[in-house]
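Taken together, the values in this text are just the output of simple stated rules run on the coordinates, not laboratory data. What you see is a predicted model; the values in this text were computed from it and never measured. All Cβ positions, glycine included, derive from the backbone under ideal geometry; neighbour counts span all protein chains shown.
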Amino acid sequence: MDLHTKKVIYHQIVKTEKSVYYAVAINKFREKGYVIQSITCDGKGGLLKDIFNTPIQLCQFHQVAIVTRKLTMNLKSEAGKAFKGLVTQLKSSLKNEFYRELHDWYLKYKEYINERSEYPNEKGYYPFKYRKLRSAYRSLLRHQDYLFTFEKYPELNMDKTTNRIENLFGKLKGKLIVHHGLSKKNKIMFIKDFLNKYS
């Protein structure tokens, strides 16, 4: 979906997400005369940067969702509660302040999150006790090059979330529910027709 026109400029039905499909998309964009200035996506940041050679913004809403899925709903530890509080500020933070606070959190709780089990696993390895919290923390570190790209390129007026296209998908799902008896073939035709109306 194009940020400026708010129109769907390309869609493709695929079984799985593969890099070759992005290459096909590039050629389609070129055929239509599009110049890609930036991309806001919900994943594959490194892959897309390599393929498109353009600024990539990872959806901040999806990053919060990724972290939230890794954490338990009922956090009991002080470290977990502090981490979740920090993550909820992501969408309203600037990069430097967010990662400074994240680093401060790590320094405060590093002994806790680096604790290992007293009992080895079947391979004789002593696993970390709080693997989900560590995984959530590492996810923020891994994606830091893509979470605040919009700050680096203010002239591009990049969206920092994929809310615009997610809203379109929401409308599509709402219409599909009404026609839940469609065969797979007809469902695909329905989806294509829906997206073409927004092209």
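Tabulated values for the structure
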| read-out | value |
| --- | --- |
| Matching residues, segment 1-34, being in a loop (DSSP other than H, G, I, E, B) and among the hydrophobic types (A, V, I, L, M, F, W, C) | M1, L3, V8, I9, I13, V14 |
| Residue match in segment 23-39 (condition: of a type outside the set (V, I, T), surrounded by 11 or more Cβ atoms within 10 Å (Cβ to Cβ) and touching a residue at least 40 places away in the same chain (Cβ under 8 Å)) | yes |
| Entirely in segment 75-183, the helices (runs of 4 or more DSSP H) that have 3 or more residues that are out of contact with any strand residue (DSSP E or B) (no Cβ under 7 Å at 6 or more places or on another chain) and surrounded by 11 or more Cβ atoms within 10 Å (Cβ to Cβ) | 78-87, 95-113, 131-142, 163-178 |
| Residue count for segment 62-91, restricted to those that are out of contact with any Leu (no Cβ under 8 Å at 6 or more places or on another chain) and not polar (S, T, N, Q) | 11 |
